[in-house]
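Following: one structure in structure tokens, then a few remarks.
Just so it is clear, none of the values below were taken in a lab; they were calculated from the coordinates. Just so you know, these numbers come straight off a predicted model, no measurement behind them. Cβ coordinates were reconstructed from backbone atoms using ideal geometry, including for glycine residues, and neighbour counts include every protein chain displayed.
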Amino acid sequence: MTGQRRGYTGAVLKVAVPVPLPGVFDYLPPTGEPAPGRGQRVRVRFGRRQLVALVTGRADGSTFPEAKLQPVLEVLDPPEERIPESLLALLEWCARYYKHALGEVVFGALPPDFRKPGSNWPPPPMSMALTAAGQGRLSEPPGRAKAQHRLLSALADGPMVASELLTAGEASRPSLDALLEAGWVEARPTRTTHRSPGDAPTLTGEQDQVLKAIRAEPPGFCCHLLDGITGSGKTEVYLRLIHDVLDAGRQVLVLVPEIGLTPQLLRRLGDRLGVTPMAFHSGLAAGERMGTWAAAARGDAPLLVGTRSALFLPLATPGLIVMDEAHDPSFKQQDGFRYAARDVAVKRALDLGIPIVLGTATPSLETLHNALHGRYRHHHLRERATGAKPPSIRVVDLRARQADAGLCAEALTAIGDTLERGEQALVFLNRRGYAPVLLCHECGWHASCRNCDANMTWHRSARILVCHHCEARARPPVTCPDCRADALQGAGEGTEQLEQVLARRFPDTPVHRVDRDAVRRKGELEALINKVRGGEPCLLVGTQMLAKGHHFPKVTLVVVVNLDQALYSADFRALERMGQVLVQVAGRAGRAAAPGTVILQTHHPDHLALRCLVEQGYAAFARAQLDERRLAMLPPFSHQAVLRADAVDRESLRAFLEQARNAWTGLGMVVHGPFPAMMEKRAGRVRWYLLAQADARGALQASLDQWLEAVRRLPAARKVRWAIDVDPQEF
């Protein structure tokens, strides 16, 4: 009879490995070198692969016998380049709260290069500076070494980064190397350069009151909701607060929803504050992201600006977090590690003991609920900083009216009048392409996606059909595939069609289309925005890319082609998002001296929610929506999690979800379903869900832990792809 196997009693390392498995794994310390500490990367063998992993702690012993444990193969980071404790603790909290594998959370939050064994923090950038000997050489005639002398002259006003120096001195690298070898120039770590800050405008009374209220808060954590209408000067409040923190020698992290907003914000922050901000987002090269990461960790980057992923930058001396357009759905990660950046940002500010400002003209109902219950400080800006009045909104009933590419005669007349006055107009339609469907006028055939429960969008200029859900592409047929009739035509409107129709109606006016199809290359959007700000009469046609944060002083008319789809959607958040989009896009009108007008076209002018929004404003609309959520016990009055599952066939999917529902213990939460996604088939896979809901967040979290442990053991769990989404934002 064999005795029971005993666990290992020596020292082991707890290691987070980037695999979709919960928990951490036990490894023996490496042989022949000091054991790594918490936050250091290591190379380990996991099955047949070798992976980069992260040490999260040490333990005295393991439940596994020594023969089952493998040693760490290599320590990749020196102790001074470990992941900071505050950041690692936040990531561990994220893994617990969002029920995602810790290894995937950690390496999903870090720059991609951290998954490579050979990647390290880049060294601080070096600047070239004149030595005393170099100053003596500069006072002498250049002789034959004219290129070297030009480099010395360029350094007379102060140190410069090597690349900038070579450009300024019109010289090559060998000339600089000769100066370094002679001792006339030396390399020094680059320090943050401070330029003369730009002039600050005079604050409005509301801005001054809000600033005083925020500054009056004692040091430490506080969440401020800056609830200001579009054009009310929220950015000016940010700038003053950022200036305070930078003056105190601390770092500021500014989060924005879209990469397209980053260049203009970087320029404005730099010009105004005299400090060059560093950017961090997925559009940057891997080396640029690593450089920003290292600079943030060393404290060399006082001002950081980025999208959702920038939330996890290390901060050596944190002082303030600012989240602009805090309501934006882009702040929620919708696949993989599904986290809500707004909520995690508040948690991070709490952990760091620093204030956070959530700025928006249209607060999410969850944020507003927290403010109304005193969890957040609620600050209001109800007047435009320029003194301009908010735009007037005119609702146009589309019923029984003729329309050209979705635009009624009243809207077209208003556009013409606007252009005649030398002003600009913006036409908003959140639908790309020429038409959302290509159909046969004879038999009703329509081009549908083979992989999704969706129609393919007709992109007429590119002569292609595209599924906007799975990106499948096909050539449009010449005649109907079913009846062979030459009767194919587009149904509905897209931005491409609007652009063409408006160009025909107003041939002497430039028409600029702003969507993902028309604006692709780096810098293209910023160049277009600068052109529009020049003030020449023009027409802007676009999607939500136009609605977020842009200031167009000459736009006095906004035409909203259609928002009706949201009025009767099965998604309980659809009305909230409709209200946010309408207010945001309407806010582009009349931001300067000339008054603004918004024409809202709809087939449902008497819809109660729409009337409330138009007649009473977003604040009353949001409170009415909160009242409806309370009656229905929907978030924020309850808390949800969705078990998302997909598979090639429906039967295995339903079998798994039925087993998962039966595994529910019945404590603390209610499970609804299974039910199909609003788009059941997408990218060739069928999607079904279970919805878990509880009145209290703590009860939901505790019940999820027990439930998911049982779900992982189900036999059917290996036959489908599934994941949990805590605080879901879409179905």
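One quarter of the convex hull surface built on the alpha carbon atoms of segment 277-318 amounts to 2.5 nm², the projected area averaged over directions. Taking each of Lys332/Lys531; Lys99/Lys548; Lys332/Lys719; Lys332/Lys548 in turn, the alpha-carbon distance tops 22 angstrom for Lys332/Lys531; Lys99/Lys548; Lys332/Lys719. Length gained on full extension, Thr665 to Asp571: 31.1 nm, using 0.36 nm per residue less the C-alpha separation. By the Cβ-Cβ criterion of under 4.7 Å, the unpaired cysteines of the chain are Cys94, Cys222, Cys223, Cys408, Cys470, Cys538, Cys612. For segment 438-488, count all C-alpha to C-alpha pairs, find those more than 12 Å apart, and express that count as a whole percent of the total. When every Cα pair of segment 438-488 is considered, 59 percent fall beyond 12 Å. Rounded, prolate or oblate: which fits segment 691-731 when a ≥ b ≥ c are the square roots of the eigenvalues of the alpha-carbon gyration tensor, with rounded for a/c under 1.5 and prolate only if a/b beats b/c? Oblate shape, in that a/c is at least 1.5 and b/c is the bigger or equal ratio.
What is the Cα centroid distance between segment 133-162 and segment 46-87, reported in whole angstrom? Using only Cα atoms to place each centre, the spacing works out to 51 Å. If you take the Cα centroid of segment 595-641 and the Cα centroid of segment 455-470, the two points sit 32 Å apart.
Computing Rg and the Kirkwood Rh from the Cα coordinates of segment 37-133 gives a ratio, Rg/Rh, of 1.11. Geometric descriptor of segment 123-213, per residue, is 152 Å³ (volume of the convex hull of the Cα atoms). Relative to the globular-protein estimate of 2.2 N^0.38 Å, the Cα radius of gyration of segment 580-728 stands at 1.42. A Förster distance of 35 Å, applied to the separation of the beta-carbon atoms of Arg463 and Lys522, puts the FRET efficiency at 0.85. Evaluate Rg over Rh across the chain, taking Cα atoms for both radii and Kirkwood's formula for Rh. Ratio of gyration radius to Kirkwood radius: 1.00.
Relative to its Kirkwood radius, the Cα radius of gyration of segment 302-450 gives an Rg/Rh of 1.10. Potential lengthening of the chain between Glu186 and Phe637 amounts to 156.1 nm, from the contour at 0.36 nm per residue minus the alpha-carbon distance. A simple spin-label model places the labels of Lys389 and Ala593 1.7 nm from each other, with each point 7 Å out along Cα-to-Cβ. Computed over segment 639-726, the P(r) tail beyond 19 angstrom holds 33 percent of alpha carbon pairs.
Computed over the alpha carbons of segment 228-384, Rg followed by Dmax gives 14.9, 44 Å. Between Glu420 and Asp705, the distance separating the two model label sites (each 7 Å from Cα on the Cα→Cβ line) works out to 7.0 nm.
Find which of Gly673, His639, Ser703 sits farthest along the positive direction of the dipole of segment 639-726, computed with +1 on the beta-carbon of Lys and Arg, -1 on that of Asp and Glu, about the Cα centre. Result: Gly673.
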